[in-house]
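Student: A single structure is presented below for examination.
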Number of protein chains: 2
Amino acid sequence: MSFPNVVAVHNLGVWEKGMADIARQQSILDSFPPQALRRLSIEEQSLANHEALMKANERPEWVYFPQPGCVVSLTRTTEVGTTVEVGIVGFEGVVGIQSVMSPGPMGSDAVVQVSGNASRVPLSELRAVSDDNATVREILQTSCIDFLNQVSQTAICNRIHNLEQRLAKWLLGVRDRAERDSVDLTHDFLSNMLGVRRAGVTVAVGEMELDGLVKHDRARITILD
Amino acid sequence: MSFPNVVAVHNLGVWEKGMADIARQQSILDSFPPQALRRLSIEEQSLANHEALMKANERPEWVYFPQPGCVVSLTRTTEVGTTVEVGIVGFEGVVGIQSVMSPGPMGSDAVVQVSGNASRVPLSELRAVSDDNATVREILQTSCIDFLNQVSQTAICNRIHNLEQRLAKWLLGVRDRAERDSVDLTHDFLSNMLGVRRAGVTVAVGEMELDGLVKHDRARITILD
DNA sequence: CTCGCTAGGTACCAAAGCGTACCGATTCTC
DNA sequence: GAGAATCGGTACGCTTTGGTACCTAGCGAG
């Protein structure tokens, strides 16, 4: 299971690999070998909207494997307090992979974007298993690089795409992982994720609505196309 | 040895961890245990300016450990042909770490930014050693996360910082790794790295020069402050 | 020395986005 | 049901940046 890319998106010039071709969408935890799973105290968690799972500059106690439908955002806060999203993680990834791979603190915050369930594993346990199970390690390392590629793409989009394009890309990324076309979020929240003004989001959503790409009610956006 | 961050930069609101506190600057290859080094066919290479070391969507044959003074840029090209830098690697990192960690192809191009020497190791060898030497693995994984954090920072800067701030950050990043205050590059080249117009770079450099932060001759910029 | 190429300085207009503000509409709370 | 809080629509002026273009200075080749 690899990270999103490719699949033409409207006429906006935004591309992202589709997840449509992925036969069965499940947490990567499910692809761990049984003997590895036995060594992990996996705990089911219900994650609420906007719940903070991890904080930048701290080391988390657990890492989370979102189940299909649950989406988590990784954000970074600047010196002046602005918060911007750098990447999102759904069932295809691991929230806290940074801490599994490296002994340092997290470089970003992790916030629940779309509520849902996740499996949670103590960080230390996963690190131990990753250390002596090559299969698990390969899966985690690959997941890490997939995320790195995602963040790289975000860096570029932030540079050369306009607001409407970035909004479209963001919505599709969430849609693929949330597995539904409606997401509950306010323009204000979106503006924080995209790092723009709230009013700018309102205008961009309005334009996309005129184009028939989305529709929206109060605090909800539905993707049509 | 950890990745750049923190250290106030002029009055531009740009921060980056300083490398000034790093006692001895050397390739991370030098921190590998001897028994690991013996298993690697390390080859010294002289890297020329603008040399392409790796291409996106391909799997490299070697990975490179730049020696102090040598700097490599990782860039990504968009669907419309625009090339933008997502991160830089110097003596503190590994060019091609993505391919060591994951079996997939590179997500970016690698281009020599400041010529110099680098040690080069066959990818397959390094993967093998990383697989059964925990120390090497830890070093590489940490280096990978450091790079991920760098790219995350790039994503944010691309969103909320203006051209002059991004230019300052870029110059400092290169300076730290190149270990000299003068770098040979044209405004045109810089504009590709930063993903802006060449004329925009000219103006930004001019303003920084007025502020006494840099000076420049033809195809060269010197950092003063 | 001259031609030609490359680097860089400058300018003008248009588009995108920001800061700010105001106000209406919906929802929540008591 | 009334007041408060939240959400979102809209507007205006300003800054940054992009697109484009033209011109000059330095450098190298013949």
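Computed from the coordinates by the stated procedures, all read-outs in this text should not be read as laboratory data. Quick caveat, the model's predicted, so the values are computed rather than measured. No Cβ is skipped: glycine too gets one built from the backbone with ideal geometry, and neighbour counts run over all protein chains shown.
Student: Working from Cα positions, state the angle (0 to 90°, nearest 10) between the long axis of helix B:123-132 and the longest principal axis of chain B.
Tutor: 60 degrees
Student: For A:Arg197 and A:Glu138 in the same chain, what is the full-extension length gain: residue separation times 0.36 nm, less their Cα-Cα distance, in nm?
Tutor: The span from A:Arg197 to A:Glu138 would gain 17.2 nm if fully extended.
Student: Looking at segment A:148-225 from every direction and averaging, what is the projected area of its Cα convex hull in nm²?
Tutor: 5.0 nm²
Student: Which distance in Å, rounded to a whole number, links the C-alpha centroids of segment B:42-94 and segment A:93-134?
Tutor: Distance between centres, Cα-based: 28 Å.
Student: Could you work out, residue by residue across A:126-136, how many beta carbons of other chains sit within 10 Å of that residue's beta carbon, and then give the average as an integer?
Tutor: 1
Student: Here's something else I'd like to know. Counting Lys and Arg as +1 and Asp and Glu as -1, each charge on the Cβ, what is the dipole of the protein assembly as shown about the Cα centre in debye, to the nearest 20?
Tutor: 80 debye
Student: Further question on the same structure: For chain B, taking Cα atoms only, what is the radius of gyration to one decimal and the Dmax to the nearest whole Å?
Tutor: Just the Cα atoms of chain B yield Rg and Dmax of 17.3, 54 Å.
Student: Here's another thing I want to ask about it. Pull out the extension gain between B:Gln26 and B:Lys215, defined as 0.36 nm times the separation in residues minus the alpha carbon to alpha carbon distance; nm, one decimal.
Tutor: Here the segment from B:Gln26 to B:Lys215 would lengthen by 65.2 nm.
Student: Here is a further query. For a quick check: with amide H placed at 1.01 Å from N, whose amide H comes under 5 Å from A:Gly93's, ignoring anything fewer than 5 positions away on the same chain?
Tutor: Placed amide hydrogens put A:Ile28 under 5 Å from A:Gly93.
Student: With a point put 7 Å past each Cα toward its Cβ, work out how far B:Ile160 is from A:Arg39 in nm, to one decimal.
Tutor: 4.0 nm
Student: Determine the gain in length on full extension of the stretch A:Ala56-A:Asn117; use 0.36 nm per residue of separation and subtract their C-alpha separation, reporting nm with one decimal.
Tutor: 19.7 nm
Student: A follow-up question, please. For segment A:175-189, in order, what is each residue's ³J(HN,Hα) by Karplus, 6.51 cos²θ - 1.76 cosθ + 1.60 with θ = phi - 60°, in whole Hz (x at glycine and Pro)?
Tutor: So the J values, rounded to whole Hz, are 4, 4, 7, 7, 6, 8, 8, 10, 10, 8, 6, 8, 4, 5, 5.
Student: Taking the Cα atoms only, what angle lies between the long axis of helix B:134-160 and the longest principal axis of chain B, rounded to 10 degrees?
Tutor: 20 degrees
Student: Can you list the copy-to-copy distances for A:Asp217, using a point 7 angstrom from Cα toward Cβ, in nanometres, shortest first?
Tutor: The answer, with the shortest distance listed first, is 6.9 nm.
Student: What are the label-to-label distances in nm, one decimal and shortest first, from A:Asn49 to the same spot in the other copies, with labels 7 Å along Cα to Cβ?
Tutor: 5.5
Student: Let me ask another. Pop out the Kirkwood hydrodynamic radius of the protein assembly as shown from its pairwise C-alpha distances, inverse of mean 1/r, in Å to one decimal.
Tutor: Value: 22.6 Å, from the Cα pair sum.
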